[in-house]
Amino acid sequence: MSKAPISEIETGEGNKQSKAIEIAGLDKWYGKFHALKNIELSVATGQRVVLCGPSGSGKSTLVRCVGQLEGFQGGTIRVFGKRLDGLRQDASRGRPFAGMVFQQFNLFPHLTVLGNCTLALRRVLKQPAPTAREIALHHLDKVKVREQAQKFPAQLSGGQQQRVAIARALCLEPRIMLFDEPTSALDPEMVKEVLDVMTDLAKGGMTMVCVTHEPGFARAIADEVVLMDEGRIVEVSPPDVFFAAPKQERTRQFLAKVLQ
Amino acid sequence: MNFDPIMALSCVPAILGVVATTVEVTLASCLGSCILGFGLEMARRSGVSTGYAARFIIDFVRSTPALAWLYFLYFVLPRFDIVLPPMAVGIVGLSIYFSGYLAEVFKAGIDAIPQGQSEAAKALGLSRIDTMAFVLFPQMLRNVAAPIGNYFISILKATPYLATIAVPEMLGRAFDIASDTYRYAEPLVVAGVLLLLLALAAAQLVRLLERKLAHPSRR
């Protein structure tokens, strides 16, 4: 299989490779609503961080800021040392450094599974069609939906669609994968097949930031679990501490509601 | 004055002879107003100043009567030494008049696409133009097929306006016959019935096209 070369991303001085994401003093408003308040968080290369918290706590907003889908007003986000622009970037950004997986899959309904996966390979990475196809099939195989390559998204189950969405993001060989509640829109019996794919990814050493309410997944995969509430980070702990002996009272309250 | 069916039948060949003109004007105006309308909608979505300009043009075009556009192009432009043949005036006039409505159709067609589609495209690093061309435009086509079909029929029904600027279309030809024979009922009824048949055929065509454009998995 011919692999596309990973683009050169400038690294900051002194912390080569060690820091994948560094967020410092991040502030974001939606009009008068203060969505993110002075967020400090760093994710090392190869680290898996799970974000949880009640709805409206800012966890999705945080992931979307890192994925450059949202701008922000204060603080900095550095990805592999490169500082992100706080303004929403509408122009062509070229190869994205992070792959993004959404709650609603957001597959392109008018394209086949294969077409979904090859679009960015062809248009952004300028790969010739046969190469794009080869790369796409490789990643579809990894998430076990290769047989569905010629079907349209609407012909697949939710679990299959989300796995296609993961494969689509992986085709660009991102160095970070961002997941925004990837299993929340799925029927219960399909959650596992998606979590299995994510677990495989984690075992392969992918740097991951995942908004999820799946405690099992967090326990098995996460290096750190982050609790957010009202736009602030309340606690950052390894999963065994987070679930068994949380440092913060707020975390205990949250877990009592989630893990009943 | 009684309705003379024999006289009516004798009008048919003459009026039928200009059906091609009506169809030609309708197709060209539909294409023209789609292109203008889509361009206006794209302008409305781009920068702030072009957005305001496009919004003004759309509102202006929508609040002027079709006949005003035709008269302006036919009677006023020649004073500035721009003389267009009647057919061209008809096509340009109807294209401008309907472009404002078509812009609204395209707006609704794009707005109906879930926000997640552009976000996914953005997350994949697609440029704005590629996002429009490969992600939004194909999905918009499905959304706009039915309303454009309606406007196609509206444009067909607007072609009799062209009789006022000497385009040889069906109503114009009917008036010609009427002024030659002093009989109005027969040629006008024939023109009306033929236009109705055309409109019905167009509606059928639109329905067919809609089915063709429907989502492959829902066909």
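Descriptive notes on the structure:
- Residue count for the stretch A:229-258 satisfying the condition of being crowded, with 18+ Cβ neighbours inside 10 Å and small (G, A, S): 2.
- Failed item in (1) farther than 21 Å from B:E119 by Cβ; (2) more than 20 Å from the chain's Cα centre (by Cα); (3) of a type outside the set (G, A, S); (4) assigned to a loop (DSSP other than H, G, I, E, B), with A:D141 passing the rest: (4)
- For the criterion of being in contact with a Cys (Cβ under 9 Å, 6 or more places away or on another chain), in a loop (DSSP other than H, G, I, E, B) and surrounded by fewer than 23 Cβ atoms within 10 Å (Cβ to Cβ), A:G86 passes.
- Scope the stretch B:77-109; condition of a type in the set (F, W, Y), touching a Ser or Thr at 6+ places or on another chain (Cβ under 9 Å) and crowded, with 23+ Cβ neighbours inside 10 Å; matching residues: B:Y97, B:F98
- Against the test of being closer than 27 Å to A:V197 by Cα, more than 9 Å from chain B (Cβ to nearest Cβ), open to solvent by less than 10 Å² (accessible area, probe 1.4 Å) and outside any helix (DSSP H, G or I), the options A:V63, A:V50 yield a single qualifying residue, A:V50.
- The stretch A:176-207, residues that are charged (D, E, K, R) and either on the phi > 0 side of the Ramachandran plot or in contact with a Gly (Cβ under 9 Å, 6 or more places away or on another chain) (or both): A:D180, A:E181, A:D187, A:E189, A:K192, A:E193
So that you can scan it fast, the table gives a plain yes or no per residue for (1) assigned to a helix (DSSP H, G or I); (2) surrounded by fewer than 17 Cβ atoms within 10 Å (Cβ to Cβ):
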{"residue": "B:A133", "(1), (2)": "yes, yes"}
{"residue": "B:L136", "(1), (2)": "yes, no"}
{"residue": "B:Q139", "(1), (2)": "yes, no"}
{"residue": "B:R142", "(1), (2)": "yes, no"}
{"residue": "B:T159", "(1), (2)": "yes, no"}
{"residue": "B:L162", "(1), (2)": "yes, no"}
{"residue": "B:P168", "(1), (2)": "no, yes"}
{"residue": "B:R173", "(1), (2)": "yes, no"}
{"residue": "B:I177", "(1), (2)": "yes, no"}
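- Tally, over the stretch B:112-131, of residues that are more than 7 Å from every other protein chain (Cβ to nearest Cβ) and surrounded by fewer than 19 Cβ atoms within 10 Å (Cβ to Cβ): 5
- Of all the numbered requirements in (1) out of contact with any helix residue (DSSP H, G or I) (no Cβ under 9 Å at 6 or more places or on another chain); (2) touching a residue at least 12 places away in the same chain (Cβ under 8 Å), A:E249 misses one, and that requirement is (2).
- Qualifying position, being out of contact with any Leu (no Cβ under 8 Å at 6 or more places or on another chain) and surrounded by 19 or more Cβ atoms within 10 Å (Cβ to Cβ), among A:F33, A:F97: A:F97
- Every residue from the stretch B:44-56 that is open to solvent by less than 80 Å² (accessible area, probe 1.4 Å) and under 10 Å from B:A103 (Cα atoms): B:R44, B:A54
The values are calculated or read from the model by the stated rules, or taken from the named source; none is laboratory data. Bear in mind that the values here come from a model prediction, so they are computed numbers and not experimental data. For neighbour counting, all protein chains shown are included, and Cβ atoms are generated from backbone atoms with ideal geometry for every residue, glycine included. These area figures cover heavy atoms from the full protein model, side chains too; ligands, DNA and RNA do not enter into them. Shrake-Rupley method; radii C 1.70, N 1.55, O 1.52, S 1.80 Å.
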